[in-house]
Amino acid sequence: MKVVISGIGTISAAGLNLKESLSSMKNGKRNAGPVSLFPNVLPYPVFEVKHLYEKAGMEGLRTFCLAAAAADEAFKDAGLLLPLSSNIKAGVCLGTTVASQLNDIEFYSAFKKYGNVDLKPVDRYLRGNISEALAYQIKATGPSVTVVNACSSGTDAIGIALSWLRSGDCDMVIAGGADELNRVPLCGFGSLGILSNFLCAPFDKDRTGLNLGEGAGILILEREEFYIKRGKTPLLYLSGYGSAADSYHLTAPHPEGKGLESAIKKALSDSMISPDDVCFVNAHGTGTFDNDKVESTVLSRVFGENVRYFSTKGYTGHTLGGAGGIEAVFSAAALKHGWIPASAGFVSKGDEIPVSPVTANTGISGSYAVSTSLAFGGNNAVIVMEKA
């Protein structure tokens with residue numbers, strides 16, 4: 001049974017929709033700057049989404065509003081009307097880390113100081129499950145799960161959605177990831193010493209760390225037979241998923257990339273293809289020294305010295321739990337349109353990087369693409385997409 005990617009949608013600093021995002025990448029436009037969403041004294045540039053529309057009744061739930069914006073675009077792309085019919089077994093599976101639930105610092109400070117404070121932040125926290133909130137709004141009647149698995153969350157959510165469709169539990173699943181820019185991870189990543197004072201440069205020899213960002217990427221996934229009954233012709237498929245944890249370190253990847261390599265091979269096996277069938281890899285590519293060294297080494301080892309790969313985090317920043325969803329959308333769009341963007345920020349490689357990412361917008365031909373996600377705790381998740 002095949003699973004169709006029937007609709008895609010995204011929002012990030014690269015653009016408020018897919019068209020704007022592809023234009024930014026095609027023209028090398030990088031929309032980064034200082035934090036404006038909350039008080040901040042840290043010097044790191046970030047990739048914020050400007051002019052985000054907040055749905056009525058969802059004020060303060062920024063992660064949900066990002067997910068809803070991307071989902072709206074994906075539904076339109078899939079030719080679906082909302083709310084969904086109750087006859088459709090539709091599930092929702094989204095990955096996140098912030099999840100609209102880290103905006104309560106002022107509440108705790110006030111509660112500690114005064115004891116009697118407005119409980120609206122508590123209500124907002126309880127409504128911060130983005131999958132449940134989206135399922136309620138679109139009237140989805142199937143399973144609803146929010147995946148919180150660090151920076152592989154969005155990719156893992158897509159993998160879970162694939163299993164729901166293959167098993168027949170769902171006819172359709174809204175899957176992907178979303179995360180908002182937030183003070184807690186900004187301070188946390190800063191304390192780890194992995195944020196850069198400059199625009200990130202994934203895989204470059206002079207890379208100094210990552211930039212945080214925010215956004216969402218949503219796929220509408222459907223069982224092929226259900227999609228064809230809607231009178232549609234498949235263009236893209238989600239053909240495989242693999243995950244593996246190496247448990248080497250709380251924040252650092254395994255030096256030999258054992259978990260990543262295992263996840264890639266599982267995803268290829270699940271798709272019933274070989275590395276030679278893959279025309280490009282959308283790499284995790286954070287711009288940190290260890291991640292880029294390990295990831296490029298594994299990609300070279302699995303796919304060979306002619307592997308075409310790139311990172312889009314130079315256009316979006318690292319969107320944490322949203323990264324896998326956003327990069328899945330970009331990968332699907334690249335397969336559909338036949339080109340991949342230059343890996344923003346890359347100029348030249350150091351000796352620890354065996355193969356350079358693409359340095360210019362590059363035409364591609366072929367049927368299969370891979371998107372990788374590496375996460376804290378040794379988590380690794382990989383998906384494979386196929387052009388019909």
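Numerical summary
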| read-out | value |
| --- | --- |
| Tensor-based shape of the chain (alpha-carbon gyration tensor, a/c under 1.5 rounded, otherwise prolate or oblate) | oblate |
| Proximal lysine pairs, region 203-308, alpha carbons under 27 Å, eight or more residues apart or interchain | 6 |
| Spacing of the two label points (7 Å from each Cα toward its C-beta) at residue 365 and residue 249, in nm | 4.3 |
| By average C-beta atoms within 10 angstrom, highest first, the peptides 112-125, 219-232 | 219-232, 112-125 |
| Centre separation in Å (Cα based) which lies between region 99-113 and region 130-183 | 27 |
| Euclidean distance of C-alpha centroids, region 209-247 and region 296-364, integer Å | 18 |
| Reachable aspartates and glutamates, given that their alpha-carbon falls under 12 Å from the alpha-carbon of residue 29 and they are not under 8 places away in the same chain | 20 |
| Highest to lowest packing among 335-348, 67-80, scored as the average C-beta count within 10 Å | 67-80, 335-348 |
| Region 3-387, relative contact order in percent, only Cα pairs under 8 angstrom and at least six apart counted | 23 |
| Pair residue 356, residue 139: separation of 7 Å Cα→Cβ label points (nm) | 5.5 |
| Most mobile of 159, 190, 378 in a GNM of the chain (Cα contacts under 10 Å) | 190 |
| Extension gain from residue 87 to residue 339, taking 0.36 nm per residue of separation minus the Cα-Cα distance | 86.9 nm |
| Protection proxy ranking of 142-148, 127-133 - average other beta-carbon atoms within 10 Å, highest first | 127-133, 142-148 |
| Partner aspartates and glutamates for residue 120 [C-alpha distance under 16 Å; skip if fewer than 8 residues away on the same chain] | 59, 104, 106 |
| ³J(HN,Hα), Karplus 6.51/-1.76/1.60, whole Hz, each residue of region 235-245, x for Gly, Pro | 10, 9, 10, 9, 9, x, 8, x, 9, 7, 10 |
| Shape call, region 333-387: gyration tensor on alpha carbons, a/c limit 1.5 | oblate |
| Potential extension, residue 76-residue 166 segment - 0.36 nm per residue separation minus Cα distance | 30.0 nm |
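Read-outs throughout are calculated quantities, based only on the coordinates presented, and are distinct from any laboratory measurement. Predicted, not measured: the structure shown is a model, and the values here were computed from it. Backbone-built Cβ (ideal geometry, glycine too); neighbour counts: all protein chains shown.
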